[in-house]
Amino acid sequence: MAGLTPLAVTSYGVAARRADFAIAKSGLKGKKVLITSGPTWVAIDSVRVISNTATGETGIELAKKFIQQGCRVTLLLGPVNIASLDNKIKVKRFSFFKELNTLLKSELKKDFDIVIQSAAISDFAPKLSDNKKISSGCKKLKLILKPTVKIINCLRKLKPNAFLVGFKFEPHFKARKLIKKTRNLIKSANLDLAVGNNLLDKQYSAYLVNKTDAYGPFLSKPAMVNNLIKLIERKYV
């Protein structure tokens, strides 16, 4: 198996050190993996929602690759359109923030070795939402938003022995600032690993970050996914 792309980046910037994460065999076979993916909705009224532009592509790609490694995969997938998925992937759907929160807590009562939160979860929700449709003739509408519960901060308590991975998307952050922000997420949520990604000048870039190092940049989602799985695999070899 090919090694991890050998550019190491530390919290101090790009390092000269090189690393080779080549491994002799897969250590992931039989591991149970839980992945969240896609956007979440929060309600304005009975028909309108606030959402985001997440496509679910990353989580879906991760699910496919873990299946190829012989894992048992459960994918919690938000409101995105998909043509088809490998029937070996156990898919459970959600749309709203509250639905994901409830579903995830229920799933985490089960046995999982690896938990990856790649869903783009709403950070804010309307303080009040109408259970009826607000009239389109309304001349002025004011929404007051409040922060939502940080679901990722609950994962370690619910799954203390799992390998936990989070994602941090900051579209306009350059590498050093992005890595610092991603490492702050690792610390605050007690994660094992996190992916920091940006979209500078419409170019996707991602870094795989742990408490001491970061690796990248990976300039496409497939490249990031492949190398993320290799890095996780090191724990089990």
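Could you check how many residues of the range 117-169 are assigned to a loop (DSSP other than H, G, I, E, B) and closer than 20 Å to Thr74 by Cα?
Matching residues across the range 117-169 total 7.
If I filter the range 101-116 down to residues being touching a helix residue (DSSP H, G or I) at 6+ places or on another chain (Cβ under 9 Å) and in a helix (DSSP H, G or I), which single residue comes out as surrounded by the fewest Cβ atoms within 10 Å (Cβ to Cβ)?
Once the filter is applied, the top-ranked residue is Lys105.
Could you check, for the range 177-193, whether at least one of its residues is in contact with a Ser or Thr (Cβ under 9 Å, 6 or more places away or on another chain), of a type in the set (D, E, K, R) and assigned to a helix (DSSP H, G or I)?
Yes, the range 177-193 contains at least one residue that is in contact with a Ser or Thr (Cβ under 9 Å, 6 or more places away or on another chain), of a type in the set (D, E, K, R) and assigned to a helix (DSSP H, G or I).
Report, by residue number, each residue of the range 30-45 that is buried (at least 18 other Cβ atoms within 10 Å of the Cβ) and at positive phi.
Gly38
If I ask for residues that are part of a helix (DSSP H, G or I) and either more than 18 Å from Lys64 (Cβ to Cβ) or hydroxyl-bearing (Ser, Thr, Tyr) (or both), which ones from the range 221-237 would you list?
Arg234, Lys235, Tyr236
Kindly evaluate Lys211 against the criterion of being more than 20 Å from Gln69 (Cβ to Cβ), part of a helix (DSSP H, G or I) and among the basic types (Lys, Arg).
no
Return the residue satisfying two criteria in turn: it lies in the range 174-208 and is without any contact (Cβ under 8 Å) to a residue 60 or more places away in the chain and basic (Lys, Arg), and of such residues it is surrounded by the most Cβ atoms within 10 Å (Cβ to Cβ).
Lys181
Restricting attention to the range 77-100, and to residues there that are in contact with a helix residue (DSSP H, G or I) (Cβ under 8 Å, 6 or more places away or on another chain) and assigned to a loop (DSSP other than H, G, I, E, B), which single residue is surrounded by the fewest Cβ atoms within 10 Å (Cβ to Cβ)?
That would be Asp86.
Yes or no: the range 46-54 includes at least one residue that is touching an Asp or Glu at 6+ places or on another chain (Cβ under 8 Å), surrounded by fewer than 18 Cβ atoms within 10 Å (Cβ to Cβ) and at pLDDT 90 or above.
Taking every residue of the range 46-54 in turn, at least one turns out to be touching an Asp or Glu at 6+ places or on another chain (Cβ under 8 Å), surrounded by fewer than 18 Cβ atoms within 10 Å (Cβ to Cβ) and at pLDDT 90 or above.
Let me spell it out: the conditions are (1) within 18 Å of the chain's Cα centre (by Cα); (2) surrounded by fewer than 18 Cβ atoms within 10 Å (Cβ to Cβ); (3) at pLDDT 95 or above; (4) basic (Lys, Arg), and Lys211 meets all of them except one. Which number is the exception?
With (1) within 18 Å of the chain's Cα centre (by Cα); (2) surrounded by fewer than 18 Cβ atoms within 10 Å (Cβ to Cβ); (3) at pLDDT 95 or above; (4) basic (Lys, Arg) applied to Lys211, the lone miss is (3).
If I go through the range 54-77 residue by residue, how many of them are among the hydroxyl-bearing types (Ser, Thr, Tyr) and touching a residue at least 60 places away in the same chain (Cβ under 8 Å)?
1
The values are calculated or read from the model by the stated rules, or taken from the named source; none is laboratory data. This is a predicted model, so every value here is computed, not measured. When we count neighbours, we look across all protein chains shown, and the Cβ atoms used for this are built from the backbone with ideal geometry, even at glycine.
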